[in-house]
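Colleague: Sharing a structure with you now.
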Amino acid sequence: MAKKPEEACRQKMRIVLAYLERKYGREVDMSILKKRNDLFRLLISTVLSQRALDETTEVVSERLFSKVKTPADILKLRRAKLESLIRQSGPFRQKAKKIIAISRTLEKEYKNSFPRTREALMSLYGVGPKTADIVLSYGYGVPVIAVDVHVDVVSKRLGFARANARYEEIRANLEKLVPESGRYIVNLGLVSFGKEICVTRKPKCGICELKKICAYYNSNKIRVSKPKQKINR
Ligand code: SF4
């Protein structure tokens, strides 16, 4: 008798989890950020990653944080200087506006602390669910799935979400299938897998060990829509 769709999905996720753990498990760094300045850097780097390539984000973030460490440092910079430091990073004026607004709020309301909940993070200007979930997962070790561009694309290709599913739907689908103990490996593993093998523009299906269970590979009917890039993420 054929498996029910939900059980088939769970079984598929078990295979994906085992594969990610085998391939990337040893690279997983479970160290959680504790210092306010590290959380600040993670948050601002995630804002910088919006509508930007990973490599560009790393360079721009490194450049910015070689000059500043704290929200107060950002507020001391002239806006033109901040914009020139992050110019490479896509819509840099919009991002500078967000970074300044976030720094103001942190200075005013979180002088010696940092927002700890999804709601508190999302109340910061320009911070949407994706950015909040990344800080919760990588910054605080909260077992949430953070759907970045790679998680979005790979989940749809494997068949864990509809081709036109939006952020919250993908997150809910994955969280239903992945136990809390596996969410960190899914976040890190799917990002690495998306960068190396299931590349957004041209997936390397020929060398992919998941092709047997991949909906995209096994059905040419499935189209993967490019994730919508919104200003507030
Ligand atoms: S078979 Fe291709 S599309 Fe499917 S997960 Fe592997 S690389 Fe991605």
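The values are calculated or read from the model by the stated rules, or taken from the named source; none is laboratory data. What you see is a predicted model, and the numbers here were worked out from it, not measured in a lab. Glycine also receives a Cβ, built like all others from the backbone with ideal geometry; neighbour counts cover every protein chain displayed.
Colleague: Please tell me if Val149 is of a type in the set (A, V, I, L, M, F, W, C), more than 9 Å from the chain's Cα centre (by Cα) and either buried (at least 19 other Cβ atoms within 10 Å of the Cβ) or in the same structural domain as Gly194 (by TED's automatic domain parsing) (or both). Give the steps one after another, and end with the answer.
Modeller: Details: of a type in the set (A, V, I, L, M, F, W, C): yes; more than 9 Å from the chain's Cα centre (by Cα): no; either buried (at least 19 other Cβ atoms within 10 Å of the Cβ) or in the same structural domain as Gly194 (by TED's automatic domain parsing) (or both): yes.
Taking the combined requirement at face value, the residue does not satisfy it.
Colleague: Considering only segment 124-147, I want to know if a residue exists there that is of a type outside the set (Val, Ile, Thr), in contact with an Asp or Glu (Cβ under 7 Å, 6 or more places away or on another chain) and over 20 Å from Arg51 (Cβ atoms).
Modeller: Yes, segment 124-147 has at least one match.
Colleague: Given the criterion more than 10 Å from the ligand (Cβ to nearest atom) and under 18 Å from Glu21 (Cα atoms), identify the matching residue among Ser181, Ser219.
Modeller: Ser181
Colleague: Follow-up. Could you list, ordered by first residue, the pairs with Cβ atoms under 9 Å in which the first is in segment 173-194 and in contact (Cβ under 8 Å) with a residue 24 or more places away in the chain and surrounded by 22 or more Cβ atoms within 10 Å (Cβ to Cβ) and the second is outside any helix (DSSP H, G or I) and hydroxyl-bearing (Ser, Thr, Tyr), at least 6 apart or interchain?
Modeller: Matching pairs, first to second residue: Gly194/Thr200.
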